[in-house]
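The values are calculated or read from the model by the stated rules, or taken from the named source; none is laboratory data. Bear in mind that the values here come from a model prediction, so they are computed numbers and not experimental data. Cβ sites come from the backbone with ideal geometry, for glycine too, and all protein chains shown count toward neighbours. The accessibility values were calculated without ligands, DNA or RNA, using every heavy atom of the protein model including side chains. Shrake-Rupley method; radii C 1.70, N 1.55, O 1.52, S 1.80 Å.
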Amino acid sequence: MTALAIAWILLPFVAGLTLYLLPPLARGLTLAIALVSLCVGLGITINQVNTAFVLLDSFGISLSIDSLSGYFIVTNALVILAALLHTWQEGYKAFFYVLLCLLHGCANTVFISADFLSLYVNIEVLGIVVFLLIAYPRSDRPLWIGLRYLMVSNVAMLFYLMGVALVYQTNHTFAFSALMQAPPEAVALILMALLAKGAIFISGLWLPQTNVVAAPIVAALLAGIVENAGVFSLARVSLLYSTIADIVRLFALASIFFGLIFALVADDVRRMLSFSTLGQLGWVIIAPPAAGLYALMHGLAKASLFLSVGELRHYRLSELRQEGLPRPVAIALIIAGYGIVGVPLLAGFPAKALTLSYLDPWQQGLLYGAGFLTATIYSKFLFLPRYPSKTPMGYSAATMVLLGGLFLANAGYMEAYSSGMSLLRAFLPPLVGCGLVALGVSRWESPWRGAWERLEHLLGVMLLLLLGLVGLAL
């Protein structure tokens, strides 16, 4: 088992390096590693594998493979597969597929990491790969946004490394299980970094500008894979400690409503989806036992949304109301959007039902109310005019993979369909959302670009967040 796990971990990295020597194999080799990871993730999830092992002693690497890891690995594989299909005929150079392989490998290793040092190494390499993907067009604006992302990421991980040093100083081990024996400052430093990497609450304000400037394929990779690296670690640590779970749940609730409010008034579709991502990532970590299924649903749906937005000629909602949407793109936007809302037959319904089952009644009430805002946001697509149009084959294939996964993921929690009352309640938010949009709520738009999104303010917010976490951890 250990040898197979090591071979699977190393496979994407070996493939990425091989592509430099054999560029003609770029697409085929990337496809192969995505399919291998998909099979591994499905095997872990379906068979409910639960195993852990340490490769060396307390200085070494601790790995933990369970159903939570399986869901995130499946998400990673499907999003990489969709990205590959989307770019198959677009003439990307082998270097792009090298980056896809490295992104895939780093994310998979994060999803099975059980010690802070190996998590640090993989998240840092992941950040460098994301910078290269954002800056891939080599023009001024993407290069600056990539450097901005790298700066925020490196500052966050510097604080993280300080927290890890405190953990090791106290326990002489880097294992997750040693966190609560460390000083409160270590808990605060590590949580602040993971909140920033996972784009939770105000520490995720680096995301809107990044998604606006980055290519749609990169925005899809960010939404489907990269943010999952941060939220996965938060979910993993929350499962170990109820005290940390309470702190994380507080930030999750704040992120849900913060993201929804700003998404409701965004005038740019890309910003609307970005702020919605801040809210949905809060859903992922609010109930750690359900994090895997919700991350799978959100990763597939949001990747499909960003790829679909990439097919539009205009991004402002006011312009889209006049020109409309290509019909195939409109269908994909509506299906993926209502998947996030939680309409039955799409994975959002069982994912939300499972998440709510782990929460207190007052928390369930708050999140059910948040569902009305989510439905209002995505109902905007339903009222935009449509016109017939053909879409590229790569986009169609990628969307079929993502939306197909959104339908099949219903099997993750079939108990959600056992209650007729739950099914009826699931249709109420979309109906109310459609009604509000019809009444003109969709025209509540603001072109405001907050000063909070400037680099110096992003770094300042991280320091304020750290002070708040120290207070909560004491």
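With a Förster radius of 22 Å, plug the Cβ-Cβ distance of GLU323 and GLU90 into 1/(1 + (r/R0)^6) and report the FRET value to the nearest 0.05.
Working: r = 24 Å, r/R0 = 1.10.
For GLU323 and GLU90, the calculated efficiency is 0.35.
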Sorted by accessible surface (1.4 Å probe, heavy atoms of the protein chains only), largest first, ARG454, ARG386, ARG271 come out as ARG454, ARG386, ARG271
With every protein chain in place, the accessible area of LEU408 for a 1.4 Å probe, in Å² rounded to the nearest 10, comes to 140 Å²
Just the accessible area for TRP283, please: 1.4 Å probe, Å², rounded to the nearest 10? 10 Å²
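Counting only protein heavy atoms and using a 1.4 Å probe, what share of the accessible area of the stretch 264-315 belongs to carbon plus sulfur, as a whole percent?
C and S fraction of accessible area: 50 percent.
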Accessible-area ranking of HIS314, HIS298, largest first, probe 1.4 Å: HIS314, HIS298
Given a 1.4 angstrom probe, what's the average accessible area per residue across the chain, in square angstrom? 38 Å²
Using protein chains only and a probe of 1.4 angstrom, how many square angstrom of PHE381 are accessible, to the nearest 10? 0 Å²
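If exposed GluC sites (Glu not before Pro) are those in a DSSP loop with at most 16 other Cβ within 10 Å, what is the longest stretch of the chain that has none?
Values: sites that count: GLU90, GLU445.
Between the exposed loop sites, the longest stretch runs 91-444.
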Share antiparallel - DSSP beta bridges, the chain, percent rounded to 5: 70 percent
In debye to the nearest 20, how big a dipole does the chain give about its Cα centre with +1 on each Lys and Arg Cβ and -1 on each Asp and Glu Cβ? 1120 debye
Protein accessible area in the stretch 95-225, 1.4 Å probe - carbon and sulfur %: 71 percent
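Would you work out the charge dipole size for the stretch 210-320 about its Cα centre, treating the Cβ of every Lys and Arg as +1 and the Cβ of every Asp and Glu as -1, and quote it to the nearest 20 debye? Please report the intermediate quantities before stating the final value.
Numbers: 7 positive and 6 negative charges, 16 e Å.
Charge dipole, the stretch 210-320, about its Cα centre: 80 debye, nearest 20.
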Please report, in debye to the nearest 20, how large the charge dipole of the stretch 126-253 is about its Cα centre when each Lys and Arg carries +1 at its beta carbon and each Asp and Glu carries -1 there. 220 debye
The chain - mean residue ellipticity at 222 nm from DSSP helices (-39,500 (n - 2.57) per run, n ≥ 4, rounded to 500): -23500 deg cm²/dmol
Pull out the extension gain between ALA7 and LEU55, defined as 0.36 nm times the separation in residues minus the alpha carbon to alpha carbon distance; nm, one decimal. 16.0 nm
Just check the chain against the gyration tensor rule for me: Cα atoms, a ≥ b ≥ c as the square roots of the eigenvalues, rounded for a/c under 1.5, and otherwise prolate or oblate depending on whether a/b exceeds b/c. rounded
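For CYS101, CYS434, give the ranking by accessible area with the largest first, probe 1.4 Å.
Working: CYS101 0, CYS434 30 Å².
I get CYS434, CYS101, largest accessible area first.
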Report the one residue of PHE251, MET393, ALA287 whose Cα lies farthest in the direction of the positive end of the charge dipole of the stretch 241-395 (charges on C-beta: Lys and Arg +1, Asp and Glu -1; origin at the Cα centre). MET393
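By how many nm would the segment from ASN154 to ILE46 grow when fully extended, if each residue of separation counts as 0.36 nm and the alpha-carbon distance is taken off?
On the way: separation 108, 0.36 × 108 = 38.88 nm, distance 3.65 nm.
Extra length available between ASN154 and ILE46 comes to 35.2 nm.
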Sequence-distant lysines (8 or more away, or on other chains) whose Cα lies within less than 21 Å of LYS380: LYS302
Given axes a ≥ b ≥ c from the Cα gyration tensor, I'd like to know whether the stretch 125-245 is rounded (a/c under 1.5), prolate (a/b larger than b/c) or oblate. prolate
Amide H of LEU325 versus every other amide H placed in the peptide plane: which residues, excluding those fewer than 5 positions away on the same chain, fall under 5 Å? ARG386, TYR387
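If I take R0 = 25 Å and measure r between the Cβ atoms of GLU124 and ALA32 in this structure, what FRET efficiency does the formula 1/(1 + (r/R0)^6) give, to the nearest 0.05?
Details: r = 26 Å, r/R0 = 1.06.
That pair, GLU124 with ALA32, gives E of 0.40.
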